[in-house]
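Comments concern the structure below.
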Amino acid sequence: MESKEYFYRQIVHDHHGHEDHSSPDTDDIFPITDLSTDVEHCRAQEYLGGYRHDDEHRPEILHIEHADLSSNNLTTRKQPCHNHLRVLLVQTAHGLAPSSGGYRANYSLLLQLVATGHDVAQICYGSDHEVETYAQRALKRGIEPHVTETPFTVKTPDGAAHRLNVKTFTDHERVFNIVIPREAFIRAYPVRDFFKETKEYLESPTDDKGSTPNITNRMQILIDLFSSHFTRFEPTHIIFNDAMTMKLTAHHPLRKTFKRVAMIHTAEQLPFGPFCQGIDGHCLSPRIEASMLPELDGIWAVSRAIQDYAMKYGSLKTTFLVHSTLTYLDLETKKLPRVRHNVDKRAVGMVNPCPHKGEDILLGLAKGLPGIKFIAWVSWGSSEDRLQRLRELPNIEIRPTTRNTNEIWDNIKILICPSVWYEAWGIIVTEAQLRGIPVIASNAGGLVEAKLGLPYTVPVKMVKGARDPETGYYIVPKQDIAPWTVALEHLMTHREEYVALSEITVQRSAEWLLGMDPRAHEKWLLAMTGK
């Protein structure tokens with residue numbers, strides 16, 4: 001079989017929906033000719049689970065009953081909202097709109113709940129400029145933001161006093177925000193000190209009154225801040241992905257009035273398995289966190305890969321739910337994103353170049369295909385010393401982190417995701433495919449799920465969990481660049497096949513999204529309360 005005549009390997013799913021990673025045979029390969037037959041442009045762009053607000057009433061719920069992908073017609077019916085929820089989310093990523101896919105998915109869940117008539121809030125880290133910007137957006141939509149400010153003074157061990165002006169406001173999407181000033185927080189709670197003191201808090205005994213005497217004053221201030229906002233918001237559910245909140249909610253005075261829910265976005269968060277503590281700040285006290293997790297009311301795994309990992313290494317039961325549908329829609333229009341027709345673009349894109357995201361594969365591709373331009377967008381895993389290696393190649397352009405992903409979609413022909421670590425899902429993969437941009441991805445962790453069964457998926461040698469003692473990076477096995485080179489070069493040079501793949505990528509991705517239940521998370525949260 002000549003590689004140029006076929007798409008690369010497809011993942012076969014068994015009847016339970018799990019991946020079969022056995023060696024491919026002819027049934028595992030999609031010929032180009034098969035994909036180019038009867039392909040139509042996906043035109044279901046009009047509407048998906050949208051909603052409209054009324055100034056005097058809760059939003060009306062529009063529930064998708066049927067979606068015909070061969071036309072623009074989407075049949076909807078109004079559905080009343082029952083059983084009111086008040087959901088408070090604790091965000092750990094810094095910035096009201098950071099580039100992290102997990103953060104965006106969390107915020108999209110809040111929007112999904114707002115769309116179905118519930119009250120939501122988030123504790124997050126941001127800047128005064130971000131608060132002002134979002135408050136202005138709210139005013140433009142006729143929503144009064146009601147900005148408030150409460151000062152706190154935090155003293156560091158060197159005696160320096162740091163003022164934290166915590167602001168609250170309602171944003172343009174009707175999410176209530178409790179914003180801790182990002183820069184001031186970093187000065188008052190330097191990263192290493194924060195990790196150390198959080199670990200001390202986790203491992204210190206807490207009495208029946210919720211008091212933990214053996215912690216620092218500044219940690220107590222932070223705990224009191226969180227606790228006070230829990231009390232004021234009176235949530236039915238508190239959702240988080242950090243151990244500090246997990247312990248705090250266990251001892252909160254209103255503990256019996258709300259449900260505690262953990263969301264698992266990375267294997268490194270979990271207190272067991274080969275990737276435990278693989279990222280700094282994730283899982284600070286494995287023994288304590290392992291004892292707390294089973295006591296939660298719900299644990300949300302964002303992929304089958306994470307669900308399987310939790311069960312295999314920790315015998316921990318979790319609930320698998322794909323990210324809310326709004327994660328993948330245009331946040332402004334609440335419609336399916338605009339399809340790109342990028343066959344004439346010349347660049348290949350990658351986001352977050354770093355060792356465990358497949359930086360060496362990017363480097364190998366750029367060296368082996370000097371006539372192809374590569375654009376790499378910096379993100380949370382990138383470091384200046386590693387980026388310098390990429391800058392030395394004339395056909396690699398390094399761009400800064402972007403919160404506007406249209407910058408990515410408007411500039412690339414193909415996205416590569418050559419990750420070699422245990423990916424939880426890979427939101428950017430699904431985002432690209434919904435826009436008609438083909439993705440060549442590895443088979444690491446949940447990436448095979450994010451690919452939705454579409455070409456191309458390339459096997460890699462994954463990291464095993466061991467880290468370099470000097471750099472702290474995962475030790476990455478040497479990879480075979482050849483299959484990546486064959487797939488990329490073929491797709492970049494065969495116009496008709498690119499167009500066929502782009503069209504079917506949009507079609508199948510939209511079918512997948514339209515087939516999801518936009519109220520799945522709401523139903524799960526309600527079930528915890530017995531409603």
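Before moving on, here are some points about what is shown:
- The criterion of at least 1 residues that are touching a Phe, Trp or Tyr at 6+ places or on another chain (Cβ under 7 Å) and open to solvent by 30 Å² or more (accessible area, probe 1.4 Å) is met, among helices (runs of 4 or more DSSP H) falling completely within the stretch 304-402, by 304-314.
- Looking across the stretch 251-263, just one residue is open to solvent by 10 Å² or more (accessible area, probe 1.4 Å) and under 23 Å from MET311 (Cβ atoms), and that is LYS259.
- Among residues of the stretch 426-444, those that are in a loop (DSSP other than H, G, I, E, B), open to solvent by 10 Å² or more (accessible area, probe 1.4 Å) and either more than 17 Å from TYR498 (Cα to Cα) or out of contact with any helix residue (DSSP H, G or I) (no Cβ under 7 Å at 6 or more places or on another chain) (or both), counted: 2
- Lone qualifier among GLU497, GLU449 - being modelled with pLDDT of 95 or more, more than 30 Å from ILE279 (Cα to Cα) and buried (at least 17 other Cβ atoms within 10 Å of the Cβ): GLU497
- Any hit, the stretch 189-199, residues being touching a residue at least 60 places away in the same chain (Cβ under 8 Å), more than 13 Å from HIS252 (Cβ to Cβ) and over 28 Å from the mean Cα position of the chain (by Cα): no
- Complete set of residues in the stretch 134-156 that are free of Cβ contacts under 8 Å to residues at least 24 places away in the same chain and either of a type in the set (Ser, Thr, Tyr) or under 30 Å from THR216 (Cβ atoms) (or both): THR148, GLU149, THR150, PRO151, THR153
- Residues that are of a type in the set (S, T, N, Q), in contact with a Ser or Thr (Cβ under 8 Å, 6 or more places away or on another chain) and over 17 Å from ALA301 (Cβ atoms) within the stretch 229-246 comprise just one, THR236.
- Test result for HIS237, open to solvent by less than 10 Å² (accessible area, probe 1.4 Å) and either over 28 Å from the mean Cα position of the chain (by Cα) or not aliphatic (A, V, I, L, M) (or both): yes
- Selection count where residues are open to solvent by 30 Å² or more (accessible area, probe 1.4 Å) and either touching a Gly at 6+ places or on another chain (Cβ under 7 Å) or more than 21 Å from SER227 (Cβ to Cβ) (or both), scope the stretch 171-186: 4
- Residues of the stretch 172-198 that turn out to be touching a helix residue (DSSP H, G or I) at 6+ places or on another chain (Cβ under 8 Å), in a loop (DSSP other than H, G, I, E, B) and over 30 Å from ARG137 (Cα atoms), as a count: 1
The values are calculated or read from the model by the stated rules, or taken from the named source; none is laboratory data. Here the structure is a predicted model, which means the values were calculated and not measured. So basically every Cβ, Gly included, is an ideal-geometry build from the backbone, and we count neighbours across all protein chains shown. Heads up: the accessible areas ignore ligands, DNA and RNA and are worked out on the full protein's heavy atoms, side chains in. Shrake-Rupley method; radii C 1.70, N 1.55, O 1.52, S 1.80 Å.
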